[in-house]
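Novice: Submitted below is the structure of interest, expressed as structure tokens.
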Amino acid sequence: MDSYLPMSPKAGARLLLPYLFLALVTSQTAAQNTTTTTTTPTTCAEGVHVITARGSNEPLGAGRLGPVASDLIAAIPNSTVQALNYPATFFDYATSVAAGILELRDALESYSRTCPQGKVVMMGYSQGAQVILDTLCGAQPYDRPVVQFNESAPLNSTIVEHNVLAVILYGDPTHAAEAPWNYGNSTTNGLFPRDNITACASYAPKIRSWCDEGDFFCALGDDGEIHGSYFDAYGDDAVEFALQLWEEAEETGGDTGSEDGSGSGSGSGSGEDGADNDRDDSAADHLGTNWRIPFVLGVAAICSCFAL
């Protein structure tokens, strides 16, 4: 087992501290600057219906996504916000993600039935980002000693094509370096990289996922501050992206259908060098799955005690 530990115990201890701090801050972050509901509305928004999926250990509500959601509904009047009602627990991560997928699928199906012409913007942070992509693209089976994800089918494509306007993601643990929806500057796979991105390839023009190098969860980095920095760094970009798609949909009579190809293009995080991607894949396979996942979940167990 020693061959799987690419750092000394002292270095591991140094790495532990920023994530303890991150989890403590995250667990105490409440929804900010926006009024949300946790149930799917029975009336249709004249603007957009925003669904937020918070990160691990954040209290029920929009969490750190709150200010971004607030800015968007200010830009698009008569919009509504729904906070996904799922556990968002870190320690029982796989079960929490599975519950989030079921809840989000139900919310989207319900809203599309009530509002066939309704437009939905989804925002996900960290675990919430994984929940959103697993719902849209289907969850991939993943069986490791500490984490086991069950396979699930993608969401009905009709809902995505006609009702989903935009998808905004920050710090997605399933970040795949070659995905065409990547923004930020990371060219490294995340903790649970999405091996098959074809199910969502046609939705790429609707999706923007920000992941920066150094982020432990989406890029296997060692900087404890990166994972919480996206809201200030890319909040305005996310709002502008969703607003642009809204204006385009209004001009075309409400059509949100996906385009062929990568749409608006991928950010610098998608990478251009195949050799670099191969090297990053290898690093994720041999480092991430052997020591980082148990380490992260071990940290989660400690953090859960502080969050009580």
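Read-outs: derived from the displayed coordinates by stated rules, not from any lab. This structure is a prediction, so every number in the text was calculated from the model and none was measured. Counting neighbours? That spans all protein chains shown, and the Cβs are built from the backbone with ideal geometry, glycine included.
Novice: Hey, what do the phi angles of region 54-59 turn into as Karplus ³J(HN,Hα) couplings, whole Hz, using 6.51/-1.76/1.60 and θ = phi - 60°, x for Gly and Pro?
Specialist: Each residue's phi maps through the Karplus curve to give 6, x, 4, 6, 6, x Hz.
Novice: Using only Cα atoms, locate the centre of region 164-193 and the centre of region 74-119, then give the distance between them in Å, rounded to an integer.
Specialist: Between the Cα centres of region 164-193 and region 74-119 lies a distance of 19 Å.
Novice: Any idea what the relative contact order of region 99-207 is, in percent, if you count C-alpha pairs under 8 Å spaced at least 6 apart?
Specialist: Values: 159 pairs, mean separation 29.1, N = 109.
Once divided by the residue count of region 99-207, the mean separation gives 27 percent.
Novice: Shifting gears a bit: Please sort 43-50, 74-81, 168-175 by packing, taking for each peptide the average over its residues of neighbouring beta carbons within 10 angstrom, highest first.
Specialist: Values: 43-50: 19.5, 74-81: 16.9, 168-175: 30.2.
Top of the packing list down: 168-175, 43-50, 74-81.
Novice: If you don't mind, another one. Explain nothing, just compute: Karplus ³J(HN,Hα) = 6.51 cos²θ - 1.76 cosθ + 1.60, θ = phi - 60°, for every residue of region 197-206 in order, whole Hz, x for Gly and Pro.
Specialist: Each residue of region 197-206 in turn: 9, 5, 4, 10, 4, 6, 8, 3, x, 9 Hz.
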